[in-house]
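One structure below.
The values are calculated or read from the model by the stated rules, or taken from the named source; none is laboratory data. Every value quoted in this text rests on a predicted model; they were computed, and no experiment measured them. When we count neighbours, we look across all protein chains shown, and the Cβ atoms used for this are built from the backbone with ideal geometry, even at glycine. Just the protein is used for accessible areas: all its heavy atoms, side chains included, with ligands, DNA and RNA removed. Shrake-Rupley method; radii C 1.70, N 1.55, O 1.52, S 1.80 Å.
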Amino acid sequence: LQEVEALGYGAIWAGGSPPAELDWVDPILGATDKLQLATGIVNIWTAAAGPVAESFHRIDTAYPGRFLLGIGVGHPEAHQEYKKPYDALAEYLDQLDGYDVAKDRRVVAALGPQVLKLSARRSAGAHPYLTTPEHTATARELVGPDAFIAPEHKVVLSTDADQARAVGRKALEIYLNLANYTNNWKRLGFTDEDIAKPGSDRLVDAVVAYGTVEAIAARLQQHLTAGADHVPVQVLTGTDKLVPALAELAGPLGLN
């Protein structure tokens, strides 16, 4: 973690759907000086708002301004109780309001237009996942100039297109079964053929950046040009290779 911070990266986005206690956050922030941490995402179906709010206040008191609470609805295939995601999100945000979780210290996982607008009204902004710079541009139009947008983008440090696409397809496999992602890709102009398993080259190339580090940096820059404030980068590599990969990217990304 200290190495990542020393490279100039400003934040870590922790994926998955962590339990409400968030007890793993404190050691990360305690081991670093300025690094911020965001959850991408706390799932509203599996982590109740009350305990999440308690965790937020504990972390924010100990490390003021360094923790961003990312929440989202997950996807219907994983949760039997999943219904009316927009209403459920709004109710969860109401509860966070009641527990005094500051609007500007939370973001919402958002893909479609209505949830993007909700994220701007009820939180600092949106954390879209598995999208493209074109989606970022549309999101910026929907949420206005002031909302925070942080689209995730996957990266493979390889100039071998076949190898990079194979790694990318492995990462995408689960999402090709999930309606919230496939519907969003269709809104972006991808076809049923593109999103059929194992995913077309066109789809993989759109959501997974690969090539030289300069080419990857240029692809990530497209999100910023389209209106993103911050681009969380998910490097598709073993954990033992993560820091070297981030070190390779740091220069082209202008971090050092």
**Item:** Search result, residues across the stretch 109-124 that are in a loop (DSSP other than H, G, I, E, B) and either hydrophobic (A, V, I, L, M, F, W, C) or touching a Gly at 6+ places or on another chain (Cβ under 6 Å) (or both)
**Value:** 109, 110, 111, 124
**Request:** Among what's in the stretch 82-98 and is open to solvent by less than 50 Å² (accessible area, probe 1.4 Å) and in a helix (DSSP H, G or I), pick the residue that is modelled with the lowest pLDDT.
**Result:** 85
**Prompt:** Which residue pairs have Cβ atoms under 7 Å apart, sit 6 or more places apart or on different chains, and have a first residue in the stretch 235-256 that is touching a residue at least 24 places away in the same chain (Cβ under 8 Å) and a second that is surrounded by fewer than 16 Cβ atoms within 10 Å (Cβ to Cβ) and among the polar types (S, T, N, Q)?
**Reply:** 250/256
**Message:** What are the pairs with Cβ atoms under 9 angstrom where one residue, in the stretch 145-167, is surrounded by fewer than 18 Cβ atoms within 10 Å (Cβ to Cβ) and the other, located anywhere, is part of a loop (DSSP other than H, G, I, E, B) and at pLDDT 95 or above? Sequence gap at least six, or different chains.
**Reply:** 145/227; 159/211; 159/212; 161/211
**Message:** Tell me whether the stretch 99-119 contains one or more residues that are under 30 Å from residue 198 (Cα atoms), among the polar types (S, T, N, Q), surrounded by fewer than 19 Cβ atoms within 10 Å (Cβ to Cβ) and modelled with pLDDT of 95 or more.
**Reply:** yes
**Message:** Looking only at residues that are of a type in the set (Gly, Ala, Ser) and more than 19 Å from the chain's Cα centre (by Cα) in the stretch 208-217, which one is least open to solvent (accessible area, probe 1.4 Å)?
**Reply:** 211
**Breaking point among (1) part of a helix (DSSP H, G or I); (2) modelled with pLDDT of 95 or more; (3) not polar (S, T, N, Q), for residue 77** = (2)
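Only one of these is out of contact with any Asp or Glu (no Cβ under 7 Å at 6 or more places or on another chain), in contact (Cβ under 8 Å) with a residue 60 or more places away in the chain and more than 15 Å from residue 224 (Cβ to Cβ): 102, 109, 137. Name it.
Values: 102 fails: in contact (Cβ under 8 Å) with a residue 60 or more places away in the chain; 137 fails: more than 15 Å from residue 224 (Cβ to Cβ).
Just a single option satisfies the conditions, and that option is 109.
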**Asked** Mind checking which pairs have a first residue in the stretch 21-46 that is at positive phi and open to solvent by less than 70 Å² (accessible area, probe 1.4 Å) and a second that is among the β-branched types (Val, Ile, Thr) and part of a strand (DSSP E or B), Cβ under 9 Å, 6 or more apart or different chains?
**Response** 22/39; 22/42
**Item:** Failed item in (1) of a type in the set (A, V, I, L, M, F, W, C); (2) touching a Phe, Trp or Tyr at 6+ places or on another chain (Cβ under 8 Å); (3) not in a helix (DSSP H, G or I), with residue 68 passing the rest
**Value:** (2)
**Request:** Could you tell me whether residue 4 is open to solvent by less than 40 Å² (accessible area, probe 1.4 Å) and either closer than 28 Å to residue 91 by Cβ or without any contact (Cβ under 8 Å) to a residue 40 or more places away in the chain (or both)?
**Result:** no
**Asked** Between residues in the stretch 193-218 that are on the phi > 0 side of the Ramachandran plot and residues that are of a type outside the set (Ser, Thr, Tyr), which pairs lie under 7 Å by C-beta distance while being six or more apart or on different chains?
**Response** 199/169; 199/172; 199/176
**Asked** Within the stretch 223-256, can you find the residues that are open to solvent by less than 30 Å² (accessible area, probe 1.4 Å), in a helix (DSSP H, G or I) and over 27 Å from residue 170 (Cα atoms)?
**Response** 226
